[in-house]
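Enquirer: Attaching a single structure in structure tokens format; questions to follow.
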Amino acid sequence: MTSNPLSIAGFTAPGRPECLVCDEMHPLWPSRAFYPPFGDLLLDPYAAGLVMRTLAAAGDGSPECNTALLYTPVEAYRQGLVNLRTSDRQRRRNTKERQRGKAPALTHELTLYTFNVITFSWSLGIAEHTGGDVATTLLEKVVFPANEMIKDVPEDLLLMAGAVFHVALNSRYRDTEGLFRNLFRESMNLEVLAERQRPSDPFAGMHGILMTAASYAIYAGAILTRTAP
């Protein structure tokens, strides 16, 4: 057992272990055993670390930390655009380049992807323990009930976040590796989906979608904690 609360097998979140918002030490949540192998999945370390910090804060009963943590990658992206004096037209062009795989994904997009990977992985665990189908489990036991409980995100952004799973699960690639590829592709649509719903403030839209994705992971983690032996 490692002494670092933000460590799992093969991966440790970059930076100091204390919460970046409140400076308290939130213990890792849920169990280390539930986490997918971040090291093997080659996830972005900063996005994966932010996801671990957000889940730890949720498990420690600190929703205000969640909200602030999840705005961090969006604000960093926004500030970078301001610093570089990037026009909206150029921003959209750059987004399309990332969607096509011609430019590296950014942290806010990779954060969404990491949350989605965790939600899928934990839904798979729930399905294995309850004898259900992973697609049905993910949508009917995680996404739909979580949507009913999320109060601080507008409904249209909830639908955008949930649609990522609908599209990924309806693809012809139904093995786990294929589904991860689908989730990555759909997660790269974060900015486009956000701007479609919030044309005057796509950054608020991105934050709302990230908040929803985090809520799905938290909900799945809570169910898995109750159902795993």
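The values are calculated or read from the model by the stated rules, or taken from the named source; none is laboratory data. Just so we're clear, the structure is a prediction, and the values are computed from it rather than from any experiment. Cβ atoms come from the backbone with ideal geometry, glycine included; neighbour counts cover every protein chain shown. Just the protein is used for accessible areas: all its heavy atoms, side chains included, with ligands, DNA and RNA removed. Shrake-Rupley method; radii C 1.70, N 1.55, O 1.52, S 1.80 Å.
Enquirer: What list of ³J(HN,Hα) couplings, whole Hz, do you get for the range 67-82 from phi and the Karplus terms 6.51, -1.76, 1.60, once you set θ to phi - 60° and write x for glycine and proline?
Expert: 4, 5, 4, 6, 7, 4, x, 5, 5, 4, 5, 4, 5, x, 5, 5
Enquirer: Let me ask you something else. Suppose every K and R has +1 on its Cβ and every D and E has -1 on its Cβ; what is the size of the dipole of the range 127-187 about the Cα centre, in Debye to the nearest 20?
Expert: Dipole about the Cα centre, nearest 20: 200 debye.
Enquirer: Do any chymotrypsin sites (Phe, Trp or Tyr not before Pro) in the range 152-220 lie in a loop, going by DSSP, with at most 16 other beta-carbon atoms within 10 Å of their beta carbon, and if so which?
Expert: The qualifying sites are TYR173.
Enquirer: The range 168-209: D in µm²/s via Stokes-Einstein (Kirkwood Rh, Cα pairs, 37 °C, 0.692 mPa s)?
Expert: Stokes-Einstein gives a translational diffusion coefficient of 296 µm²/s.
Enquirer: When ranked by the protection proxy of mean other Cβ atoms within 10 Å per residue, highest first, what sequence do the peptides 51-57, 6-12 form?
Expert: Going by the mean number of other Cβ atoms within 10 Å, highest first, we get 51-57, 6-12.
Enquirer: Below 8 Å between Cα atoms, with a sequence gap of 6+, how large is the relative contact order for the chain in percent? Please list the in-between numbers first.
Expert: Values: 272 pairs, mean separation 50.3, N = 229.
Over the chain, the number comes to 22 percent.
Enquirer: Under 20 Å from the Cα of LYS151, which lysines turn up, not counting those fewer than eight places away in the same chain?
Expert: Candidates past the 8-residue exclusion: LYS141.
Enquirer: I would also like to ask the following. Assuming a viscosity of 1.306 mPa s and a temperature of 10 °C, what translational diffusion coefficient in µm² per second does Stokes-Einstein assign to the range 1-106, Rh being the Kirkwood radius over Cα pairs?
Expert: Result for D is 103 µm²/s.
Enquirer: First check a/c for the range 152-229, with a ≥ b ≥ c the square roots of the eigenvalues of its C-alpha gyration tensor; if it is under 1.5, answer rounded, and if not, answer prolate when a/b is larger than b/c or oblate otherwise.
Expert: oblate
Enquirer: Still on this structure, please answer the following. From the backbone phi of the range 96-106, what are the Karplus-calculated ³J(HN,Hα) couplings (6.51 cos²θ - 1.76 cosθ + 1.60, θ = phi - 60°) in whole Hz, Gly and Pro given as x?
Expert: So the J values, rounded to whole Hz, are 4, 5, 5, 4, 7, x, 8, 8, x, 5, 9.
Enquirer: If you count only protein heavy atoms with a 1.4 Å probe, what accessible area per residue comes out for the range 142-224, rounded to a whole Å²?
Expert: Per residue, the range 142-224 has 43 Å² of solvent-accessible surface.
Enquirer: Can you work out the Karplus-derived ³J(HN,Hα) for every residue in the range 5-11? Use 6.51 cos²θ - 1.76 cosθ + 1.60 with θ = phi - 60°, whole Hz, and x for glycine or proline.
Expert: x, 10, 10, 10, 4, x, 8
Enquirer: Here is a further query. I need the calculated FRET efficiency for the pair ARG32 and THR176, taking r as the beta carbon distance and R₀ as 25 Å, to the nearest 0.05. All intermediate terms of the calculation are to be shown ahead of the outcome.
Expert: Numbers: r = 20 Å, r/R0 = 0.82.
Efficiency, rounded to the nearest 0.05: 0.75.
Enquirer: Enumerate by residue number the trypsin sites (Lys or Arg not before Pro) in the range 62-158 meeting two conditions: DSSP loop (anything except H, G, I, E, B), and at most 12 other Cβ atoms within 10 Å of the site's Cβ.
Expert: Those satisfying the criteria are ARG85, ARG100, LYS102, LYS151.
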